[in-house]
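Structure record follows, encoded as structure tokens.
No lab work stands behind these numbers, since they all come straight from the coordinates. As the structure is a prediction and not an experimental result, all values here were calculated from the model. Virtual Cβ from ideal backbone geometry, glycine too; neighbours counted across all protein chains shown.
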Amino acid sequence: MDGEQLGIVPINQALDKAFERKLDLVNVAPNARPPVCRIMDYGKYKYEMAKREKEARKKQRVINIKEIRLTPNIEDHDLNVKARQANGFLKSGDKVKVSVRFRGREMGHKNIGRTVLKNFADLTKDHGFVEKPARMEGRNMTMFLAPKTE
């Protein structure tokens, strides 16, 4: 009687069969017509479901977004330091949001910010790729980098 269907059975008869086998009668699909029930060990079933959920949670990977802020007139060495920091974030599996903040008259030279972000992307290309290219958001130009999957 393992897994075989009994067909449409009155509720009392189904309860008696479950009681004979010392198992539970579990309503699997209550909205179906007629309702679908199953004879099983409900405690064991709940335990296995909890175990599966725990295993699925273990395999999940939470991706954080780290932000790195730059300015349009950043020096090469400072840019390299920030790129090294971003490479560390990308190695650990996090996404990186790189933003260039424009202040005052710098707003007239958005091409400089775009160049800075392009150079930054070149410095981090070994560990990540550009997920979203540079675009203006108010006074900031942002670009998203995602880690390379191997």
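Summary table
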read-out	value
Fluctuation leader among 83, 56, 121 - the chain, Gaussian network, Cα springs under 10 angstrom	56
Entries in 59/125; 59/118; 58/118; 51/82; 17/46 that, when Cα-Cα distance is taken, lie over 31 Å	59/118; 58/118; 51/82
Estimated FRET transfer efficiency (residue 110, residue 60; beta-carbon r; R0 41 Å; 0.05)	0.60
Cβ-based exposure ranking for 125, 58, 82, in which fewest neighbours within 10 Å come first	58, 125, 82
Value of relative contact order over the range 1-58, rounded to a whole percent, pairs C-alpha under 8 Å and six or more apart	22
Likely footprinting exposure, 120, 19, 89, fewest C-beta neighbours within 10 Å first	19, 89, 120
For the range 11-59: rounded, prolate or oblate by the Cα gyration tensor [a/c cutoff 1.5]	oblate
Extended-chain gain in nm, criterion 0.36 nm per residue less alpha-carbon gap, residue 9 and residue 42	9.9 nm
Kirkwood-based shape ratio for the range 107-150, expressed as Rg/Rh from alpha carbons	1.03
Phi to ³J(HN,Hα) by Karplus 6.51 cos²θ - 1.76 cosθ + 1.60 over the range 98-107, Hz, x for Gly, Pro	9, 10, 10, 9, 9, 10, x, 5, 4, 4
Helix-only mean residue ellipticity at 222 nm for the chain, each DSSP H run of n ≥ 4 adding -39500 (n - 2.57), per residue, nearest 500	-12500 deg cm²/dmol
For the range 78-89, Karplus couplings with θ = phi - 60° (6.51, -1.76, 1.60), whole Hz, Gly/Pro x	5, 5, 5, 5, 5, 5, 4, 5, 5, 4, x, 5
Reachable lysines from residue 22, criterion Cα separation under 16 angstrom, eight or more residues apart if same chain	44
Potential lengthening between residue 28 and residue 80 on full extension [0.36 nm per residue; Cα-Cα distance subtracted]	12.8 nm
